[in-house]
Amino acid sequence: YWVDQKTGSWEKDKTGHNYEHTQRILKNCLKLINSNKKIDYDVLVASCLLHDIAYKRGPLKNHHLVGAKDAKKILINMNFPKDKIERVMIAIEDHVGNFSKAIRKDRDLQIESKILQDADNIDALGKMGIVRMKLFSKHQGVPDFITKNDKLDRSLYGNLKFLLGWPKKMLTPEGR
């Protein structure tokens, strides 16, 4: 649906939200599961694979909302169980908790949403996260640095400073 079959990459992606990112998120999710028996693996895996699907259109401010709708169409076409599609959409909507105003409060999130959000945040915090943030900042057209007071979306430095607060915002014990 969104992957260039020859290269394994998203053709239009300039933000670091590509197929390789999706695969890292899936690996992270599987590591974060631990012993939680209430997880619906169908919901979690589908959410991982489709959480950034809206980036196939290019950068979007509300990619999580657009992506949830895109995922619904894809899952319906794949005959995915109807009772699980809504939960996949919810996890995709919730995965951007650190970047946007939360749709639901943390305590109201389903377990798959918490795991997906933590897995995505962990990817943003590692060395690949720094590379992705550099790509994303370049695509935003922001400079590397203005002042030490730079905020999110003003410079690469401000974007990286924003990421430093994420470890405290992890939602699962395994993520923390």
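The values are calculated or read from the model by the stated rules, or taken from the named source; none is laboratory data. Being a predicted model, the structure only gives us computed values, none of them experimental. No Cβ is skipped: glycine too gets one built from the backbone with ideal geometry, and neighbour counts run over all protein chains shown. When the accessible area is computed, the model is the full protein with side chains, heavy atoms only, and any ligands, DNA or RNA have been set aside. Shrake-Rupley method; radii C 1.70, N 1.55, O 1.52, S 1.80 Å.
In terms of the mean number of neighbouring beta-carbon atoms within 10 Å, the peptides 64-73, 25-34, 160-169 order highest first as 64-73, 25-34, 160-169. Debye-formula intensities of region 128-176, expressed as log10 I(q)/I(0) at q = 0.13, 0.18, 0.26 Å⁻¹, are -0.33, -0.57, -0.89 (one equal scatterer per alpha-carbon, no solvent). Which whole-number percent of Cα pairs in region 41-176 have a distance greater than 21 Å? Value for region 41-176 (Cα pairs over 21 Å): 44 percent.
Remark: spin-label model distance Q140-Y41 equals 3.8 nm, labels positioned 7 Å along the Cα→Cβ axis. P(r) for region 23-71, from all Cα pairs and a bin width of 5 Å, is 5, 21, 25, 20, 16, 10, 4, 1 %, short bins first. Probe 1.4 Å, all protein chains in place: accessible area of Y19 in Å², nearest 10? Estimated to the nearest 10 Å², Y19 gives 80 Å².
Could you list, in their original order, any pairs among K84/K138; K27/K138; K69/K169; K82/K169 whose Cα atoms are separated by more than 29 Å?
Beyond 29 Å: K84/K138; K82/K169.
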